[in-house]
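For reference, the structure discussed in these notes is given below.
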Amino acid sequence: MVEPIPDFGDVSNPRLYREDTWRPHFALLRREDPVHRHDASAYGPYWSVTRYADIMRVELDPATYSSASELGGIQIADQPKGQELPNFIRMDPPRHTAQRKTVAPIVAPTNLANMEATIRRRTASVLDGLPRGQPFDWVDRVSTELTAMMLATLFDFPWEDRRQLTHWSDVAIANIEAEDAVVKSEAERMAELRQMGATMAALWKERASQPPKFDLISMMAHAEATQNMPFNEFIGTFGLLIVGGNDTTRNSMTGGLIAVLDNPDELAKVKADAGLLDSLVAEIIRWQTPVIHMRRTATRDTELAGKSIKRGDKVVMWYVSGNRDEAAIEEPERFRVGRPKARQHLAFGAGIHRCVGDRLAEMQLKILWEEILKRDLVLEVAGPPVRLYSNFIRGIRSLPVVIRA
Ligand code: HEM
């Protein structure tokens, strides 16, 4: 008798992430067909890579699995034709290498050390300003506020306009089909992003005419690799830095709170041993996995886990699945502080495109938790989270929380 073929759900459906029902679909894929071809989806045919080890294979072979904007870029949805926004995450070497090198010093260890006191002061003031005994939105008051402040510092962006950065981040990643999307069409998205580009171009002009200083705009304005970008690449690059520096950390701050409050015993471990804070942060990032997937395009015919991938095929690495792969991570469905090799997860990707801001994100989260614990805040979730309709960013749009006096 022929075995029935399991019904693999289309894991590109953004509803799975809004409803947070993706786990069983990936468990089935990992078990039955870890490199699976979906013949039809809203984004055309694509390969799902769902196991940790296979994701690493794709990540570590950028010559075969390209990120290039011209081939479609890094999301399952191709960029709209004629409106491509290249940037270095959507490039292969050597241009990728040169541009990444330009911005990397902003998150180098010495600069992180310089920023620590500022981040701590702001975190303390945000926490101290929260209402006691009445519900408030954790996303707005804490996660968004802290990440907008961080991004304004990295760009040396006008302080009072910093929420504009959050807005542009939301615009850049919006799924225009979501009922609560901030933009409803690609044309509207482009108009907003052009506005962002114009704002950044004015700051760029000012910084280019001044001696170099240590902010992202000045650094790019004075570096050969980024000096003369066409306007669409200019917009794309700022889009990348805004989303990279904002959305992901924001959602780890919110997802982390949910995870910790659902697992009080794990928090108790950290209260008893502050040495476990780094492990808590790594586990929060693995647990949340704020970037759901990255996509590559095959540059030649190849083979992956016994499957024949053809040149031009879309290959999607599902980080949410790799981070729950029982073959690579012990008890992946448990939120567990103190795991051995806690930082060995896929939430930051791997290889030449591995997140450039990983240490900064970890530092922000560590300070947040240090300051929460220092104050012994008794936090309670006061209602369900509203999740983002997206197959790319695992986001939380709002979360009511109460601090018990
Ligand atoms: C918890 C927070 C964060 C997560 C989960 C995250 C996740 C990721 C992922 C998955 C990638 C792609 C990796 C790959 O393709 O292998 C990436 C790349 C990138 N991230 Fe992050 N990120 C975070 C925070 C940040 C921060 C704070 C910044 C900026 C300060 C940042 C800037 C970037 C940039 C510029 C890239 C492109 C790197 C390249 O193409 O070489 N990210 N990030």
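Observations, loosely collected:
- Surface composition of the chain: carbon and sulfur atoms hold 53% of the protein heavy-atom accessible area at a 1.4 Å probe.
- Intensity falloff of the chain expressed as log10 I(q)/I(0), Debye formula with alpha-carbon point scatterers, at q = 0.07 Å⁻¹: -0.32
- Each part reduced to its alpha carbon centroid, segment 296-365 and segment 107-168 end up 28 Å apart.
- Our helix-only sum for the chain, with -39,500 (n - 2.57) per DSSP H run of n ≥ 4 divided by its residues, gives a mean residue ellipticity at 222 nm of -13500 deg cm²/dmol.
- Loop-located GluC sites (Glu not before Pro) in segment 324-365, at most 16 other Cβ atoms within 10 Å (DSSP): Glu326, Glu330, Glu333
- Annotated for segment 264-405: lysine pairs at least 8 residues apart or interchain, Cα distance under 27 Å, count 9.
- Average accessible area per residue (Å²) across the chain - probe 1.4 Å, nucleic acids and ligands excluded: 43
- Overall form of segment 68-139 per C-alpha gyration tensor (a/c, 1.5; a/b vs b/c): oblate
- The distance between label points at Ile352 and Ser398 comes to 4.4 nm (points 7 Å beyond Cα on the Cα→Cβ vector).
- Vicinal HN-Hα couplings computed from phi for segment 68-78 (Karplus, 6.51 cos²θ - 1.76 cosθ + 1.60; Hz; Gly/Pro x): 4, 4, 4, 8, x, x, 10, 10, 4, 7, 4
- Among 169-177, 212-220, the order from most to least packed when residues are scored by Cβ within 10 Å on average: 169-177, 212-220
- Per-residue HN-Hα couplings for segment 254-261 [Karplus 6.51, -1.76, 1.60; θ = phi - 60°; Hz; x = Gly/Pro]: 7, x, x, 5, 4, 4, 5, 6
- Working note: Karplus 6.51/-1.76/1.60 with θ = phi - 60° gives segment 93-100 the couplings x, x, 5, 4, 4, 5, 6, 4 Hz, where Gly and Pro are set to x.
- Amide H contacts under 5 Å for Asn391: none, restricted to partners 5 or more places along the chain or on a different chain, H placed in the peptide plane at 1.01 Å from N.
- With DNA, RNA and ligands ignored, accessible area of Arg141 (1.4 Å probe; Å², nearest 10): 90
The values are calculated or read from the model by the stated rules, or taken from the named source; none is laboratory data. Keep in mind that this is a model prediction, so the values were computed, not measured. Neighbour counts are summed over all protein chains in view; Cβ atoms, including those assigned to glycine, are modelled from backbone coordinates with ideal geometry. Accessible surface areas use protein heavy atoms only, side chains included; no ligands, DNA or RNA. Shrake-Rupley method; radii C 1.70, N 1.55, O 1.52, S 1.80 Å.
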